[in-house]
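Beneath this line is the structure, given in structure tokens, with notes to follow.
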Amino acid sequence: MKFLRQTLAIAAKDLRSEIRGKEAVNASVSFALVILLLFSFAFDLEPEQIRDIAGGLLWLIFAFAGTLILNRSFARELVNDCLDALLASPVSGAQLFFGKCLANYVLIIIVECVSLPVFAIFYDVRLPQRLALLFLVMLLGTWGITVIGTMFSAMTVNLRLRELMLPTLIYPMLIPALIGAIQLSRVLITGGPLAENFIWFRILVAFNVIFTILALALVEIVLVG
Amino acid sequence: MRLKIILTLTLIAGLILAWNLRRIFLQVPDEANQGAIFRIIYFHVPAAITSFTGFYIGMFSAVGYLIKKDLRLDSIAASINEVSLAFASITLVTGSIWGRIIWGIWWTWDPRLTSYFVCLLIYFGYFMLRRAIEDPNARARLSAVLSIFACVDIVLVWKSIEWFRTQHPGPVLEIRGGGGMAPGMEAPLWWNFLALVMLAAALILIRTRQEAMKLEIDALRRHAHAF
């Protein structure tokens, strides 16, 4: 219970700071819109074809835009040595990490909720009737991005080239989760059979569970030593 | 002592490879469907097994560092991962050459190939991270954590052949339930595996020594800057 309370305190602190400054969310939403614009020049496809690749495009937007939020997650604590103060406070590394994970998760979901309808309008993609299932896929896929991203954000926070290092390190790591999320989103948007693709749900869940446990177990080593 | 071990390992590996090459090219017949190009399997599969085994041993060495905080274990982990990365590159290149002849394409986004490529990129990231950190203890700590994450990803690579429908040929070795290779054709593969493992061990010993020297030089440099 104490673990949860302190974790939520960290998450609330990060969210409050972001609501006041809005620097990461604004940048992330703007970046998502820029990618949406760029896609229109990269592809000149029929509506049918767009629907086929919509899952892939969506998750590329989510992954790229999400990185901007993840990059700021630990980097914002460097000013005034806030990270040292947080580590010195009676909060464990796991709590700090999990709190930041929750805050990042909420922020990335907000960015996704803004970019999904914009994507649907720009590219004339009818959102599936099974919208709740698509949202579930978004929740699962985004948790994978958040856990890996927050962990690697902690690992690269003190590096000079952290903005370059983070995407280079996390995208290959995220491939299994991204493939799963893309496949499921494609099936839901095109109205394909879900039963045959249930394996992707299992892969997403397994990815999330394994890496959440690993990250919680190892984050103390990363942050404190 | 270390030099003698390296020389012995290299010499034995060289002799086995020379003897085995004679068998592979002069004694083993062409494969019924693939023809002469199937011989690439004698390098592709041993290199793949060596690289995967190496990544895991590298991870155990990294875990050893996290437990004992001995920088020598970190040097060993980095050396093993570096040599494994080289063998992984050999696997991808030989696989690509084989694919050009049999499939008619240099590369296909087959899930197994993709996963292998992902592994390669993760370990490129591992070495980028190591280069970016100057403090030896922080470098060892963070790269050990990355190594553990990477090895979990390798499990996905291994399982991907069962998870996805794949263009990659099914298992042919008896130990993987394949049983698709005649004993006379399979034996040289295991000899090549032995030779490549010995070669890898020699390279790892050389790299470990270099890493230890690098640590010594860095310590001396820091000591000199302190004055």
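The values are calculated or read from the model by the stated rules, or taken from the named source; none is laboratory data. As the structure is a computational prediction, the values presented were derived from the model and not from experiment. Note that each Cβ is placed from the backbone with ideal geometry, even for glycine, and that neighbours are counted across all protein chains shown.
Numbers for the structure displayed
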| quantity | calculated |
| --- | --- |
| Selection count where residues are assigned to a helix (DSSP H, G or I) and either of a type outside the set (A, V, I, L, M, F, W, C) or closer than 13 Å to A:A181 by Cβ (or both), scope segment A:149-161 | 4 |
| The one condition in (1) within 8 Å of chain A (Cβ to nearest Cβ); (2) closer than 23 Å to A:L161 by Cα; (3) touching a residue at least 40 places away in the same chain (Cβ under 8 Å) that B:R130 fails to fulfil | (1) |
| Of all residues making up segment A:162-191, the number that are assigned to a helix (DSSP H, G or I) and either in contact (Cβ under 8 Å) with a residue 40 or more places away in the chain or under 16 Å from A:F135 (Cα atoms) (or both) | 20 |
| Test: A:V118 is surrounded by fewer than 18 Cβ atoms within 10 Å (Cβ to Cβ), β-branched (V, I, T) and either under 20 Å from A:N71 (Cβ atoms) or in contact with a Ser or Thr (Cβ under 8 Å, 6 or more places away or on another chain) (or both) | no |
| Failed item in (1) on the phi < 0 side of the Ramachandran plot; (2) assigned to a helix (DSSP H, G or I), with A:D44 passing the rest | (2) |
| Meets criteria (modelled with pLDDT under 90, out of contact with any strand residue (DSSP E or B) (no Cβ under 6 Å at 6 or more places or on another chain), closer than 26 Å to A:I179 by Cβ and not in a helix (DSSP H, G or I)) for A:L37 | no |
| Residue within segment A:71-85 that is under 19 Å from the mean Cα position of the chain (by Cα), modelled with pLDDT of 90 or more and of a type in the set (G, A, S) present | no |
